[in-house]
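This report refers to the structure that appears directly beneath it.
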Amino acid sequence: MLNYMMRDIKIQTGYLLLFPVLIVFMLFMKSPINTILSVAMVYIPVNAIYLLTKSNINHFDLTLPSSRNDIVNYRYMSTLLYAIICGALITLILKVFGYEVTILDLEFALQLTFGLSVVFYPLNFALNTEKALLISMYAVFTLFMLQAVFFGYAVENIQKLSDSTHPFTLLVHIAFIVSCVLYVVSWFVCLIIIKRKDI
């Protein structure tokens, strides 16, 4: 798992240098805090998949001695790990600079991260051609950003009302629980897909 993580980091050094610039730009544009957290949580895994797909390394992963299950397990475990690390880091930085980050912000960001993974990873493991993978990636990430911005502003406005009993707040909690369940289901689906995938 450590080798895969090192590879993910090494292949996107340039993209990682752009990460702070992106966060500052989103703050300058007064994007909702939960949207910034959402982007931070998926930044590394999405870029890694994108670059691996463009270079066709994903195909060669299947020919390596490591178990196919290890490839799927790594992708899901690392997404969760990256989300926790990046989410915690950005939260700490935002708090240092005086921004308020709530549990609802973190919950919403994790929910979107899981939601992206639920759709994105099964497609990534099921599709065979680079073109199909890239098209699906653009489509899924565009949908993710639309949800992050649209619902992000809704979550932010609800929090300004200081109403923890608002129906939308309850909806966010329910959606988070559902996304956690779907994340696990998606994980098992990918294990089945990769076992049947031809090299």
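For residue 83, neighbours were defined as the other residues whose beta-carbon sits under 15 Å from its Cβ, and their charges (Lys and Arg +1, Asp and Glu -1) total -2. The trypsin sites (Lys or Arg not before Pro) of segment 1-30 that meet both conditions, a loop assignment by DSSP and at most 16 other Cβ atoms within 10 Å of the site Cβ, are 30. The slack between residue 67 and residue 16, meaning 0.36 nm per residue of separation minus the straight C-alpha distance, is 15.5 nm. Between segment 76-102 and segment 12-54, the alpha-carbon centres lie 12 Å apart.
Backbone phi angles across segment 99-114, fed through the Karplus curve with coefficients 6.51, -1.76 and 1.60 (θ = phi - 60°), yield HN-Hα couplings of 8, 8, 10, 9, 4, 5, 4, 5, 5, 5, 5, 5, 4, 5, 4, 5 Hz in residue order; Gly and Pro are listed as x. Computed from backbone phi, the HN-Hα couplings of segment 25-38 come to 4, 5, 5, 4, 7, 6, 5, x, 4, 5, 5, 4, 5, 4 Hz, rounded to whole numbers (Karplus: 6.51 cos²θ - 1.76 cosθ + 1.60, θ = phi - 60°; Gly and Pro given as x).
Where a number appears in this text, it was derived from the coordinates with a stated rule and is not lab data. Keep in mind that this is a model prediction, so the values were computed, not measured. Note: ideal-geometry Cβ built from the backbone for every residue, glycine included; neighbour counts use all protein chains shown.
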